[in-house]
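Here's the structure, in structure tokens; my notes come after.
The values are calculated or read from the model by the stated rules, or taken from the named source; none is laboratory data. Note that this is a predicted model, so its numbers are computed, not measured. Glycine also receives a Cβ, built like all others from the backbone with ideal geometry; neighbour counts cover every protein chain displayed. We work out accessible area using only protein heavy atoms, side chains counted, and drop any ligands, DNA or RNA first. Shrake-Rupley method; radii C 1.70, N 1.55, O 1.52, S 1.80 Å.
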Amino acid sequence: GIAAECALGLAKECGVRLGLLGRSKPAADAELAANLERMAKTGVTFEYVSADVTDAEQTRAAVLRIEAALGPVTAVLHGAGANVPQLLTSLDEAAFMEIVKPKLHGLRHVLAAVKPDRLSLLVAFGSSIARMGLPGEAHYATANDWLAEEVDRWQRGHPHCRCLTLEWSVWSGVGMGYRLGRVDVLAQQGVTPIPTDEGLRQFRRLLAQPTPSRVVVTGRFGDPPTLSM
């Protein structure tokens, strides 16, 4: 998804080493295997560990493996997420929590597994849906809003660490909206997807300059009735 693209772009430009966490195993996920092969061909130094960030023990063990291979973790890019569009009339607590856990609990577990005094940068990938809403996305909107609040809370407790939540709109060619087949549907509603190259450029630009703690990054988004301008 977009987190992998941004992490790879940052590593190619700045030489950072990447510790990658994901639930999938390369042997069972052709897209993941292709992404890891692409990273290897660029010469980027990385370590991929299969772990579910909603599980605190798996996350802690994965971070230990990454630090053994690459050294101390000094920055976190949290891009975990799940999205199963569902109207409120059919949404129960279990389905709600399945969407909240990767965003909120996942971030908490990652931050609990790293050494906070070593962390100089925390970036979380949220969604513009947290501000604008979208039919069938109330649970996803809430998860992203709570994610941003968690990042703000971490910032207050760790003033030495720069914290940023990027609330992305849909990207073209990569990312959750693309995988769900929503790009064309959203385009009919006036939502213009972000081209991958432009998304990467904006990501690098926002990291390189002072910003508010939450930044919405979006193409055109029509006239959503939920957003007051």
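Before moving on, here are some points about what is shown:
- Full extension of the chain between THR74 and ALA28 yields a length gain of 13.5 nm, computed as 0.36 nm times the residue separation minus the alpha carbon distance.
- Fully extending the segment from ARG38 to ALA208, taken as 0.36 nm per residue of separation minus the present Cα-Cα distance, adds 58.6 nm.
- Centre separation in Å (Cα based) which lies between region 13-56 and region 85-133: 20
- Gyration tensor (Cα) of region 114-229, equivalent ellipsoid semi-axes in angstrom: 27, 16, 12
- Computed over the chain, the P(r) tail beyond 31 angstrom holds 18 percent of alpha carbon pairs.
- Scanning residues 5 or more positions from GLU47 or on other chains, those with amide H under 5 Å from its amide H are LEU18, GLY19, LEU20, with H placed 1.01 Å from N in the peptide plane.
- Overall form of region 1-77 per C-alpha gyration tensor (a/c, 1.5; a/b vs b/c): oblate
- Rounded to the nearest 500, the 222 nm mean residue ellipticity of the chain from helices alone is -13500 deg cm²/dmol, with -39,500 (n - 2.57) taken per DSSP H run of at least 4 residues.
- Think of a 1.4 Å ball rolled over the protein heavy atoms: the chain then has 51 Å² of accessible area per residue.
- Estimated inter-spin distance, GLN155 and CYS14, nm [label 7 Å along Cα→Cβ]: 1.7
- Mean separation of Cα contacts under 8 Å (6+ apart) over length of region 68-125, as relative contact order %: 64
- Solvent-accessible area, 1.4 Å probe, carbon plus sulfur percent, for the chain: 54
- Note on GLU198/ASP92: beta-carbon distance plugged into 1/(1 + (r/R0)^6) with R0 of 22 Å gives a FRET efficiency of 0.05.
- The relative contact order of the chain, computed from alpha carbon pairs under 8 Å that lie at least 6 residues apart in sequence, is 18 percent.
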